[in-house]
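Novice: Could you have a look at this structure, given as structure tokens, before my questions?
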Amino acid sequence: MAGSNGNGRNPTRVVVTGMGAITAIGNSVEEFWANALNGKSGIDILTSFDHSAYPVHIAGEVKGFDPEQYMDRREARRMARFSQFAIAGTSQALKHADLDMDSTDRDRVGVLIGNGIGSLEDSQEAVRTMDKRGGMKIDPFYFPKMLPNMAAAHIALQFGARGYNNTVITACAAGTQAIGDAMDLVRSGRVDVVITGGTESALSQLGLSGFAVIRALSTSNDPPQKASRPFDARRDGFVAAEGAG
């Protein structure tokens, strides 16, 4: 969450007013920060799909996430996991910011989210269904789930943000760039508040093989907790993960 806080010297000063987090080391800002300070790693052996045919067996999976804490079951079933994360993080941020949307000009509330890929898992399942049962049997919500911009769209629909809406799709930099662009959006005067950040959930066989085949992922599977070491001379790649902030 970013908003303007006018003063005499700089009437377009931008401040962060609320935060939310769904991560591999905690599903709230408080839990995430406490575990980060304690040096806890979110990297472990993958549990969500069979990875035995690949050289990579580790990732940062979000554990214990229940989308129905933030939306009803019907809505959750119509969303990809990365959109569910975005809704959860937004809900936390709005609560943290103590922002009452009913007393806010919704036309002045924007949404700017970073997402690199969209739902690879849904793309993978759609192709498998086409191969086995034919194209007319794929999930009718495949496109609304898969598109990278759907996280921002769902946020706007769920919370009634009717201002500027966009998605930054710049791979690993997407979330960070979205926050910077949101700051510029507030400074320009186009909105008063922006719901911003990043969300991603691309852990699937398609995602794993796509990065593994170009040798971008670390194969230091044992112990998993020491595989992510970006500044180490022995670094052999990055570790895939999911989450939202």
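The values are calculated or read from the model by the stated rules, or taken from the named source; none is laboratory data. These numbers were taken from a predicted model, which means no experiment stands behind them. So basically every Cβ, Gly included, is an ideal-geometry build from the backbone, and we count neighbours across all protein chains shown. Surface areas here come from the heavy atoms of the whole protein model, side chains and all, with no ligands, DNA or RNA. Shrake-Rupley method; radii C 1.70, N 1.55, O 1.52, S 1.80 Å.
Novice: Run down the lysines and flag those whose C-alpha is under 25 Å from the C-alpha of residue 137, throwing out any fewer than 8 positions away in its chain.
Specialist: Within reach: 145.
Novice: If you add up the charges near residue 82, with Lys and Arg at +1 and Asp and Glu at -1, over every other residue whose beta carbon is less than 12 angstrom from its beta carbon, what do you get?
Specialist: -2
Novice: Something else about it: Among 197-205, 185-193, 60-68, how do they line up by average Cβ neighbours within 10 Å per residue, starting with the highest?
Specialist: Most protected by this proxy first, the peptides run 197-205, 185-193, 60-68.
Novice: Could you tell me what percent of the DSSP beta bridges with both partners in the chain are antiparallel, to the nearest 5?
Specialist: The antiparallel fraction comes to roughly 50 percent.
Novice: Okay, next question. Find out how many positive minus negative residues lie around residue 229, taking Lys and Arg as positive, Asp and Glu as negative, among other residues whose Cβ is under 10 Å from that of residue 229.
Specialist: Its environment carries a net charge of +1.
Novice: Pull up all non-local amide H partners of residue 19: gap of 5 or more, or a different chain, and H-to-H distance under 5 Å with H placed in the peptide plane.
Specialist: 96, 97
Novice: Please arrange 95, 226 by accessible surface area, largest first, computed with a 1.4 Å probe and ligands excluded.
Specialist: Per-residue accessible area, sorted high to low, gives 95, 226.
Novice: Calculate, for residue 214 and residue 130, the FRET efficiency according to 1/(1 + (r/R0)^6) with r their C-beta to C-beta distance and R0 25 Å; round to the nearest 0.05.
Specialist: In this case the efficiency is close to 0.50.
Novice: What accessible area per residue, rounded to a whole number of Å², is obtained for the stretch 79-153 using a probe radius of 1.4 Å?
Specialist: 49 Å²
Novice: Follow-up. Within the stretch 60-91, which residues have the backbone N less than 19 Å from the label spot 7 Å out from residue 45 along Cα→beta-carbon, could you tell me?
Specialist: Only 60-64 pass the distance filter.
Novice: Considering the values [x] 18.0, 56; [y] 19.0, 65; [z] 23.3, 78, which represents Rg and Dmax of the Cα atoms in Å as calculated for the structure under consideration?
Specialist: Computing Rg and Dmax of the Cα atoms in Å and matching it to [x] 18.0, 56; [y] 19.0, 65; [z] 23.3, 78 gives [y].
Novice: Determine how large the accessible area of residue 157 is when every protein chain is in place; take a 1.4 Å probe and give Å² rounded to the nearest 10.
Specialist: Approximately 140 Å² for this residue.
Novice: If you take every residue apart from residue 175 with its C-beta less than 13 Å away from the C-beta of residue 175, what net charge results, scoring Lys and Arg +1 and Asp and Glu -1?
Specialist: Once positives and negatives cancel, what remains is -3.
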